[in-house]
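Asker: First the structure, then my questions, so here it is.
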Amino acid sequence: MKKVHVSTTINGTLKEFLCDTRETLLDALRDHMLLTGTKEGCGTGDCGSCSVIFDGDVICSCLTLAAEAEGRNIETIEGMAEGGELHVLQKKFLEHAALQCGICTPGILMASKALLKKNNNPSEEEARFWLAGNLCRCTGYDKIINAVLDAAREIREESDGV
Amino acid sequence: MKYEAPETIDQAIDIYSKFNGSKKILAGGTDVLVQLRTDIVRPEMVMNIKKINSLHEFCIVDGYWKIGAAVSASKITKNTAFISEWPGIAEGVGLIGSTQIQNRATLVGNLSNASPAADGIPALVAANAKVEIVGQQGSRVKDVYSLIEGPGKLHLSKDEFITHILIPLQRDRSADCYLRFIPRTEMDIAVVGCGVNLSVKNQSISSAKIVLGAVGPKVIFADEAAELVLNSRLDKDVILKLQRMCEEIATPISDKRGSIRFRRQVAGVLAKRALQKAYARALEVS
């Protein structure tokens, strides 16, 4: 089977890989790029654990062909902390104990990052609807939502120069 | 599996029509990828159409809202001019899946998948929407209702695919609405859906279309019920008759999401509520 050559930007760096046409972006990230922070849950777009940011939009990498990544800009959980400094969402998830087993966490962090970039003052309801496609089976959603809303507060305070 | 990603519509027509094996169009991919990964389909070729600029069009052309096959659901639900004109169509599109799915899924894909429970279809049919189809013989326009053959099937020949949805501009003093019933609040498949499009004159309904989803192999026009509400202001006796008519015209199946009896009853209730909501909207804009 002829492989497809893909060059794409992942977390700000231009990367190249060869993939089978049936492989998903999730397969490419984990198996070719060895970026195993992105997790596979259901593999059918229901659970959101494979969420990545694709040209600015949060998507399920399990529902995207690897070949579609050609020329695109992809952000994964590995690019979230900068220079050893955790992203405010990551800090707040730790502070609020918003994770237990951690399988859903990378996806929820990426989806939350996309939310706060679009709206740094979401209501609780908006945050819950936005994250409805991210399932968590151990922590429960209250701590996660509290962490996201607290991170939003901090982002607002920083941008207000407080 | 061959992967193609043409950059012009002419290239796409050439590639797609000349390929004789099994093939799938990849727009948002939220249905196709699941089918692919679970071996429900094993196409020999997949053609990604997202690199074709004209399929990202979302604008008014010659009296129609033109929505390209590559336009994502979230682009539709963010377009305030479109939402204010066709709130019901936007409601249906907005109900499809999560944030992640909305960013990829397309309305043309929802139509092409032709699920009896598709949330995107009833309001489109109620709005008398059409599709633009291209193939080896050139392009043609067909209305959405007659395009659908049955579950998962469209009346398209092997060389053809849909490029755009064409939605007529909404008339004056008119509005639409889409409602669905699911047992939870988010992320579920319609047990029953109902799209309504109506116009009012002197506070009475002057034209109406009622379209039921998920209660038959394809969407059902409740024409007798629509006729009944003409010249009315949706008074109590009209509503009661209307509900009964919608219950009778529905031909649902019993499955894990609802029994025949339950689905019939909900069809009546949703038709009532969708009519009331569209009516209130139409009065607001008139």
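The values are calculated or read from the model by the stated rules, or taken from the named source; none is laboratory data. The structure presented is a predicted model; accordingly, all values stated were derived computationally and were not measured. No Cβ is skipped: glycine too gets one built from the backbone with ideal geometry, and neighbour counts run over all protein chains shown. Please note that ligands, DNA and RNA were not included when accessible areas were found on the heavy atoms of the full protein model with its side chains. Shrake-Rupley method; radii C 1.70, N 1.55, O 1.52, S 1.80 Å.
Asker: How about the range B:102-198: which GluC sites (Glu not before Pro) there are in a DSSP loop, with at most 11 other Cβ atoms within 10 Å of their Cβ?
Answerer: none
Asker: With the solvent-accessible surface defined on protein heavy atoms using a 1.4 Å probe, which residues belonging to the range A:34-68 display a reduction of at least 20 Å² in accessible area in the multichain context relative to the isolated chain?
Answerer: A:T44, A:G45, A:D57, A:V58, A:I59, A:C60, A:L63, A:L65, A:A67, A:E68
Asker: Here's another thing I want to ask about it. Per-residue mean of other chain beta-carbon atoms within 10 angstrom of the beta-carbon, peptide B:27-39?
Answerer: 4
Asker: A follow-up question, please. Per residue of the range B:120-134, in order, report the coupling 6.51 cos²θ - 1.76 cosθ + 1.60 (Karplus, θ = phi - 60°) as ³J(HN,Hα) in whole Hz, putting x for Gly and Pro.
Answerer: x, 7, x, 5, 5, 5, 5, 7, 6, 6, 10, 10, 9, 10, 10
Asker: Right, next: Pick out which of B:K272, B:K75, B:K130 has the largest mean-square fluctuation in a Gaussian network model of chain B, springs linking Cα atoms closer than 10 Å.
Answerer: B:K75
Asker: Work out from phi, with θ = phi - 60° and the Karplus expression 6.51 cos²θ - 1.76 cosθ + 1.60, the ³J(HN,Hα) of each residue of the range A:129-137, listed in order in whole Hz, and give x for Gly and Pro.
Answerer: After applying 6.51 cos²θ - 1.76 cosθ + 1.60, I find 5, 4, 8, 5, x, 10, 8, 10, 9 Hz.
Asker: Next question. Classify chain B as rounded, prolate or oblate from the Cα gyration tensor: take a ≥ b ≥ c as the square roots of its eigenvalues, call it rounded if a/c is under 1.5, otherwise prolate when a/b beats b/c and oblate if not.
Answerer: prolate
Asker: Follow-up question, since we're still on this one. Using helices alone, what [θ] at 222 nm do you get for the protein assembly as shown, with -39,500 (n - 2.57) per DSSP H run of 4 or more residues, divided over all residues and rounded to the nearest 500?
Answerer: The helix contribution divided over the protein assembly as shown gives -9500 deg cm²/dmol.
Asker: At 0.692 mPa s and 37 °C, plugging the Kirkwood radius over alpha-carbon pairs of the range B:201-280 into Stokes-Einstein gives what diffusion coefficient in µm²/s?
Answerer: Diffusion coefficient, whole number: 258 µm²/s.
Asker: Tell me the carbon and sulfur percent of the accessible area for chain A, rounded to whole percent, probe radius 1.4 Å. It would help to have the intermediate numbers written out before the result.
Answerer: On the way: 3610 of 7490 Å².
Ligands and nucleic acids excluded, carbon and sulfur reach 48 percent.
Asker: So how do B:S174, B:S22 rank on accessible area, 1.4 Å probe, biggest first, that is with the largest at the start?
Answerer: The residues order as B:S22, B:S174, largest area first.
Asker: Please compute the average number of Cβ atoms from other chains found within 10 Å of each residue's Cβ in peptide B:102-114. Don't jump to the answer; show the numbers that get you there.
Answerer: Details: counts 4, 10, 9, 2, 0, 0, 0, 0, 0, 0, 0, 0, 0.
If you average over the peptide's residues, the count of other-chain Cβ atoms is 2.
Asker: Still on this structure: Order these peptides, B:115-125, B:46-56, A:121-131, by their mean beta-carbon neighbour count within 10 angstrom, highest first.
Answerer: Going by the mean number of other Cβ atoms within 10 Å, highest first, we get B:115-125, B:46-56, A:121-131.
Asker: For the range B:174-285, which whole percent of the accessible surface, found with a 1.4 angstrom probe, sits on carbon and sulfur atoms?
Answerer: Roughly 50 percent of what the probe reaches on the range B:174-285 is carbon or sulfur.
Asker: Between B:D62, B:D31, B:D172, which gets the highest mean-square fluctuation from a Gaussian network model of chain B, Cα cutoff 10 Å?
Answerer: Maximum among the listed residues: B:D62.
Asker: Stretched out fully, how many nm does the piece from B:R244 to B:D39 gain, at 0.36 nm a residue minus the Cα gap? Could you put the intermediate results ahead of the total?
Answerer: Working: separation 205, 0.36 × 205 = 73.80 nm, distance 4.21 nm.
Here the segment from B:R244 to B:D39 would lengthen by 69.6 nm.
Asker: Going by a ≥ b ≥ c, the root eigenvalues of the Cα gyration tensor, does the protein assembly as shown fall in the rounded group (a/c under 1.5), the prolate group (a/b larger than b/c) or the oblate group? Could the numbers behind the result be given before it?
Answerer: On the way: a/c = 1.94, a/b = 1.34, b/c = 1.45.
It comes out oblate by the Cα gyration axes.
Asker: Can you pull out the trypsin sites (Lys or Arg not before Pro) in the range B:167-246 that DSSP calls coil and that have at most 11 other Cβ atoms within 10 Å?
Answerer: In loop regions of the range B:167-246 (DSSP not H, G, I, E or B), the sparsely surrounded trypsin sites (Lys or Arg not before Pro) are B:R184.
Asker: Write down Rg/Rh for the range A:4-79, rounded to two decimals, with Rg from the C-alpha atoms and Rh from the Kirkwood relation over Cα pairs.
Answerer: 0.91
Asker: Next question, about the same structure. Considering only protein heavy atoms, what per residue accessible area in square angstrom results for the protein assembly as shown with a 1.4 angstrom probe? It would help to have the intermediate numbers written out before the result.
Answerer: Numbers: 19980 Å² over 448 residues.
So the protein assembly as shown comes to 45 Å² accessible per residue, rounded to a whole number.
Asker: 5 Å is the cut-off here: which amide hydrogens, built 1.01 Å from N in the peptide plane, fall below it relative to A:H87, excluding neighbours closer than 5 in sequence?
Answerer: Sorted by chain and number, the residues that satisfy this are A:A81, A:E82.
Asker: If the elastic network links every pair of Cα atoms under 10 Å, which of B:T30, B:T99, B:T163 fluctuates the most in the Gaussian network model of chain B?
Answerer: In this elastic network of chain B, the residue with the biggest mean-square fluctuation among B:T30, B:T99, B:T163 is B:T99.
Asker: Another question, then. Return the long-range amide H neighbours of B:K201 (sequence gap of 5 or more, or a different chain), with a cut-off of under 5 Å between placed amide H atoms.
Answerer: Correct list: B:S206.
Asker: For B:L154, list long-range residues whose amide hydrogen, built 1.01 Å from N in the peptide plane, is under 5 Å from its own amide hydrogen.
Answerer: B:E149
Asker: Rg/Rh for chain A to two decimals, with Rh computed the Kirkwood way over all alpha-carbon pairs. Don't jump to the answer; show the numbers that get you there.
Answerer: Working: Rg = 15.9 Å, Rh = 16.2 Å.
Taking Rh as the inverse mean 1/r over Cα pairs, Rg/Rh reads 0.99.
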